[in-house]
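The values are calculated or read from the model by the stated rules, or taken from the named source; none is laboratory data. What you see is a predicted model; the values in this text were computed from it and never measured. Don't worry about glycine lacking a Cβ; one is built from the backbone with ideal geometry, like all the others, and counts go over all protein chains shown.
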Amino acid sequence: MEVGERINNLKRLISCNLGITRKDDKIPEHNKKVLDSGRITGVKIDLEDNLKTYYKRRSWDWETGKPSKEKLKELGII
């Protein structure tokens, strides 16, 4: 599992160095629709809150989207 985490963080680091930021992390429009049937009918997902949670769990900076130095050290990337 650590190998996958290392790959994901390295990919993110490279993307950030190429100019990708948090503002580029978007959900496709068809995934933003409120469902009109099923168990979660009418539920609207707070995408911003979910993204914050994702970044926090990944140890990525909320403003820049970059992996933290601590995480990169933990994974042996730097």
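Which residues, taken from the range 24-47, are among the basic types (K, R) and under 11 Å from the mean Cα position of the chain (by Cα)?
From the range 24-47, those among the basic types (K, R) are 26, 32-33, 39, 44; that's our starting set.
Hit for the range 24-47 is K26, nothing else.
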Cβ contacts < 6 Å: first residue closer than 13 Å to D24 by Cβ and touching a residue at least 24 places away in the same chain (Cβ under 8 Å), restricted to the range 55-66; second residue assigned to a helix (DSSP H, G or I) and of a type in the set (K, R), any location; separation 6+ or different chain. Result?
G65/R22
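State yes or no: is D46 under 22 Å from G4 (Cβ atoms) and either among the acidic types (D, E) or out of contact with any helix residue (DSSP H, G or I) (no Cβ under 8 Å at 6 or more places or on another chain) (or both)? Show your work before the answer.
Numbers: under 22 Å from G4 (Cβ atoms): no; either among the acidic types (D, E) or out of contact with any helix residue (DSSP H, G or I) (no Cβ under 8 Å at 6 or more places or on another chain) (or both): yes.
It is false that D46 is under 22 Å from G4 (Cβ atoms) and either among the acidic types (D, E) or out of contact with any helix residue (DSSP H, G or I) (no Cβ under 8 Å at 6 or more places or on another chain) (or both).
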Filter the range 2-55 for residues that are within 15 Å of L72 (Cα to Cα) and exposed (fewer than 10 other Cβ atoms within 10 Å of the Cβ); which is modelled with the lowest pLDDT?
E2
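Condition check ((1) of a type in the set (V, I, T); (2) in a helix (DSSP H, G or I)) across all residues:
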site	(1), (2)
R6	no, yes
G19	no, no
K26	no, no
H30	no, yes
K33	no, no
V43	yes, no
